[in-house]
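Every number here is computed from the coordinates shown, using simple stated rules; none is lab data. Please read these numbers as outputs of a predicted model, since none were measured by experiment. Cβ sites come from the backbone with ideal geometry, for glycine too, and all protein chains shown count toward neighbours.
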Amino acid sequence: MTEDADFPDFLRRIRAGDETAAAELVRRFEPMIRREVRMRIKDDRLNRAFDSVDVSQSVLACFFSRAATGEYDLDRPAQLAKLLLTMARNRLISRARGERRLIRDVRRLAADPGVLEKVMDARPSPSQVVSRKDELDVLRTSLTDEERQIFDLRVEGFSWEEVATQLGGNPPSRRMQLSRGLERVERLREPAE
């Protein structure tokens, strides 16, 4: 999506529900949305009631559902950025009005973490999904070809016996081979002291 010429295809993929395109949109535009929200929240009481992640997720969810119906006719990435920022500002205004209308004293919110866990969505945010996918891609490319084959078979749900049958060898040695590969990658990723 670096070129304006690719943008119509990118938008078509978004409308079709392509996860890769959705992840790219989140990766590229979520930080911009969150920054806009953080810059516009002036009241600390509102910061305690909700934050930029809440608004960003709401904006992206709304965008994806409306884009799927073909509601947006965009030609350039700049138009998409402008639309998302406008949606973020409007969503923030709406949330702030709602908080003020309820005359909610956010200082009275319970600090018991158990209460918040009951309300929070347990699903990962779009940015967490993209981050995890990026980490898996880095991990896969750091493994040797044989280790990557073992890793891919395990991700697909194959048992150690099935892995050994497909690639040869015995289950404990294949498990150990992957384990050593993952340990090697982890050591490479550790910061030097």
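What translational diffusion coefficient, to the nearest whole µm²/s, does region 143-189 have by Stokes-Einstein, given a Kirkwood radius computed over alpha-carbon pairs, a temperature of 4 °C and 1.567 mPa s viscosity?
Numbers: Rh = 10.6 Å.
My calculation gives 123 µm²/s for D.
Subtract the Cα-Cα distance of Thr69 and Ala5 from 0.36 nm times their separation in residues, and report this length gain in nm to one decimal.
Details: separation 64, 0.36 × 64 = 23.04 nm, distance 2.23 nm.
Full extension from Thr69 to Ala5 adds 20.8 nm.
Rounded to the nearest 0.05, what FRET efficiency is calculated for Glu135 and Glu183 with R0 set to 22 Å and r the Cβ-Cβ distance?
Numbers: r = 16 Å, r/R0 = 0.73.
The value I calculate is 0.85.
What FRET efficiency would be calculated for the residue pair Asn170, Ala16, taking the C-beta separation as r and a Förster radius of 35 Å, to the nearest 0.05? Kindly include the intermediate steps, with their values, before the conclusion.
Numbers: r = 44 Å, r/R0 = 1.27.
Calculated transfer efficiency: 0.20.
If contacts are Cα pairs under 8 angstrom and at least 6 residues apart, what is the relative contact order of region 143-189 in percent?
Values: 25 pairs, mean separation 19.2, N = 47.
It comes to 41 percent, rounded to a whole number.
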